[in-house]
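Just so it is clear, none of the values below were taken in a lab; they were calculated from the coordinates. The structure presented is a predicted model; accordingly, all values stated were derived computationally and were not measured. Every residue, glycine among them, receives a Cβ derived from its backbone with ideal geometry; neighbour counts consider all protein chains shown.
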Amino acid sequence: MPPYDDQNIFARILRGEIPCRTVYEDAYALAFHDIHPQAPIHILVIPKGKYISAVDFGQTAPAENIAGFYRAVSQIAQDHGLSENGFRLIANTGQHGGQEVPHYHVHLLGGKKIGAMVSGG
Ligand code: AMP
């Protein structure tokens, strides 16, 4: 795995160098609106630690951080009224997964029925 890139855009958001539209923050996670929303509600949730991907997070984060992160995801879904009608949780991972920002994040998409599971070529 390559080393974590401290200049990636989400690292810069965590350091407060770039603004974001924060919807939630605690010791484990920061959540903000995606700058190019793909659904009426499109929130990105990122862990506070330096984790590149889902694999890096799952393999190297302390259990407390993993639990804290997913509790935050769950809380955010509830806070935005998504748990009733449902939503999609996506973690693009690596090149084939289409991951653009090398800081682990999940996309919370909802507010309407989300389309095909996989689109594009
Ligand atoms: P991914 O392809 O899973 O790495 O997704 C990265 C996401 O970050 C994309 O949906 C972008 O629209 C979003 N994004 C990039 N820069 C920003 C930013 N400054 N603030 C909010 N979202 C961003």
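General observations
- Placed amide H near Y24: partners under 5 Å, 5+ positions off or other chain: A31
- FRET E, pair Y4, V118, Förster distance 25 Å, beta-carbon r, rounded to 0.05: 0.35
- GNM top mover of G49, G16, G94 - the chain, alpha-carbon springs below 10 Å: G16
- Principal axes of region 9-110: Cα extent on each, largest first, Å: 33, 30, 28
- Residues whose amide H falls under 5 Å from that of Y51, counting only those 5 or more places apart or on a different chain, are Y104, with hydrogens built in the peptide plane.
- In order through region 80-87: 3J(HN,Hα) via Karplus (6.51 cos²θ - 1.76 cosθ + 1.60), integer Hz, x for Gly, Pro: 9, x, 8, 5, 5, 8, x, 6
- Note on the chain: helix-only mean residue ellipticity at 222 nm, from DSSP H runs of 4+ residues weighted -39500 (n - 2.57) and normalised by residue number, equals -8000 deg cm²/dmol.
- Cα-based helix-to-principal-axis angle, 63-79 vs the chain, degrees rounded to 10: 30
- Max mean-square fluctuation residue, GNM over the chain, Cα-Cα springs under 10 Å, options Q59, Q78, Q95: Q95
- With Cα atoms defining each centre, region 1-45 and region 75-110 are spaced 12 Å apart in the structure.
- Spacing of the two label points (7 Å from each Cα toward its C-beta) at S83 and A67, in nm: 1.8
- Among K113, K50, the ranking by other beta carbons within 10 Å of each residue's beta carbon, starting with the fewest, stands as K113, K50.
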